[in-house]
Amino acid sequence: MIKPINPLIKLFRVKIYTAVFLLLILLFIGVIGFKIMSNYSWVDALYMTVITITTVGFQEVHPLDDTGKIFTIFLILASVVILGYAITVITEYILSKNNFEELKQKKMQKKIDSLANHIIICGYGRNGKQAAKKLLAYKKPFVVIEKDKDIMDKFQSEMVPFVLGNANEDEILLQAGIDRADTLISALPNDADNLFVVLSARQINTNMNIISRASQETSYQKLKLAGANNVILPDRIGGDHMASLVVVPDLIEFIDNLSIVGKANINIEEISIEKLYDATKTKTIRDLDLRKKTGCTVIGYKDEAGDYIVNPEADMKLVPKSKIIVLGRPEQIQKLNSIYNID
């Protein structure tokens, strides 16, 4: 993906191109003027133009008549203005070049400060990138904390805001808006770092959902005790997935297709009951009639206590603070989101 050019850099490029263009025009006018008015050779005309524009004060090649002197005065005055403009632009560019990153980061920080109930991803390695890709597909606001500046410079954009720093530091977590965040995903490669991040995050925000990566199975319980709601072991999941492809290959391939994310190809959606209707009224899954309205099928139900029911009955009563899980083709999911104004 081609990164957009910074507006400030674009502005300076326009100014520099303008200054160079004006200098070339001035040089061209000077050469032609001395050639015609004073009958200089091309080399002498170029020489006279350069020493006049640069105001070095060398003697004329040949004495100038009144017309040549008036033309030289015009050339000197014009060169003072144009050279002054060119020097100003170049000086401004040199002085401001070091501030581009600071200005860009201030703009990004302003955007981060406006976020609430967002997700924070700590670490932008393989797991962090995959998490960001999924969140982008579902249009969930998130912030990435990354200590490697090269990675930040490569992937930072309007869609993927970064905070440069170590996620172990409370100041960096606060800069990412952890006190206002809904979820933190700690995807650092080192279990000790993930443990420290979970401890810090839980201390700052006691109500947020925390998901952590773990490389070693011995770290699972420690991360749970530190305050992580969920701990993911990528190696275990990978091995289990490969074995499942041997035992039930078609089923796993079908589930993989449900998990594909990208532009307009989401197949599964989780929806709060409050988004579907007034939760003070009692309704059943049949009353929602989602199959007829959108084509989606209800395949799961999560009650207010967090317990899941797979393939719930149509007569199941829906209670406040519960959720349903629906399955459908991408266009059906889009229709569902459109009808109920789900972001």
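Here are some notes:
- Among the conditions (1) surrounded by 13 or more Cβ atoms within 10 Å (Cβ to Cβ); (2) touching a residue at least 40 places away in the same chain (Cβ under 8 Å); (3) closer than 19 Å to LYS139 by Cα, the only one that GLN332 does not satisfy is (2).
- Residue among GLU313, GLU274 that is acidic (Asp, Glu) and loosely packed, with under 13 Cβ neighbours inside 10 Å: GLU313
- Matching residues, region 318-338, being part of a strand (DSSP E or B) and hydrophobic (A, V, I, L, M, F, W, C): LEU318, ILE324, ILE325, VAL326, LEU327
- Residue count for region 200-228 satisfying the condition of being over 16 Å from GLY125 (Cβ atoms), surrounded by fewer than 17 Cβ atoms within 10 Å (Cβ to Cβ) and out of contact with any strand residue (DSSP E or B) (no Cβ under 7 Å at 6 or more places or on another chain): 9.
- Residue match in region 83-92 (condition: assigned to a helix (DSSP H, G or I), charged (D, E, K, R) and at pLDDT 80 or above): no
- Of the numbered criteria (1) in contact (Cβ under 8 Å) with a residue 24 or more places away in the chain; (2) part of a loop (DSSP other than H, G, I, E, B); (3) under 11 Å from ILE273 (Cα atoms), the one GLU304 fails is (1).
- Residue satisfying condition, being of a type in the set (Lys, Arg), more than 29 Å from PRO330 (Cβ to Cβ) and not assigned by TED's automatic domain parsing to the domain that holds PRO330, within set LYS129, LYS133, LYS149: LYS149
The values are calculated or read from the model by the stated rules, or taken from the named source; none is laboratory data. Since the structure is predicted, the reported quantities are computational estimates derived from the model, not experimental observations. Cβ: placed from backbone, ideal geometry, glycine included. Neighbour counts: every protein chain shown.
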